[in-house]
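The values are calculated or read from the model by the stated rules, or taken from the named source; none is laboratory data. Note that the structure is predicted; figures quoted are calculated from it, not measured. Cβ placement follows ideal geometry from the backbone for every residue including glycine, while neighbour counts extend to all protein chains displayed. When the accessible area is computed, the model is the full protein with side chains, heavy atoms only, and any ligands, DNA or RNA have been set aside. Shrake-Rupley method; radii C 1.70, N 1.55, O 1.52, S 1.80 Å.
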Amino acid sequence: MRSNVILSLLLIALIVLTPVSSAQENSAPGTQVRTLLVNELDNGANIQDAANQVSQTVINEGLYFDAAGTAYLSDNQDSFESVVGLLNENATGFELAIAGFTQFPDKASQIITITVLMFPESASEIYNIALQMQVISEDDALLAVINAGVDPSTLTATAAGGTGNTFSPLGVGTGAAGAGGGDTTISAN
């Protein structure tokens, strides 16, 4: 009987702590903004009004973003509101970026910066999907990510349309001017 009590207490503790750990895992600003949006929609607001209300609240109250991020969102409030409206059906940074580029290809730079601000852990994915969809130049995409406060050296880039292969610069490996000990002549094969 004593072991049943201990087992019950452990089970209760696990149940109580599970929502806390889930909330910490989903603490990306975009997830928190999405929660506000869903609450507005659950209260009967239409998507446009809900997106407007949530974007205003986030900016006016300085929620979830640092001062630089909030300033960027305030300066680009129309784009931010548009992206917030897309959060209802797109819960990750990757999905949100694709939806944003599809809906607003003329605002690709702002879409990149806003989605990276909302989902900073997805910065490389967002950067790469922008390049793969060819909605923006590589230089402009890089600047948009930097605008979101991401160190560009942390990005893992793939070639547009690539599969994630890494490329070595000349000087590394066989046949690259002698580095690696291989023959440096071009084969006729």
Exercise. Taking square-rooted eigenvalues a ≥ b ≥ c of the alpha carbon gyration tensor, is region 75-155 rounded, prolate or oblate, where a/c under 1.5 means rounded and, failing that, a/b exceeding b/c means prolate?
Worked result: rounded
For this session: At 7 Å along the Cα-to-beta-carbon direction for both residue 38 and residue 153, put a label point, then send me their distance in nm to one decimal.
Result: 3.8
Exercise. Would you list 87, 36 from the most to the least accessible area, probe 1.4 Å?
Worked result: 36, 87
Exercise. Using a 1.4 Å probe on the protein chains only, how many percent of the accessible area of region 38-157 belongs to carbon and sulfur?
Worked result: 45
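If we count every other residue with Cβ under 12 angstrom of residue 93's Cβ, Lys/Arg +1 and Asp/Glu -1, where does the sum land?
Combined, the nearby Lys, Arg, Asp and Glu give -2.
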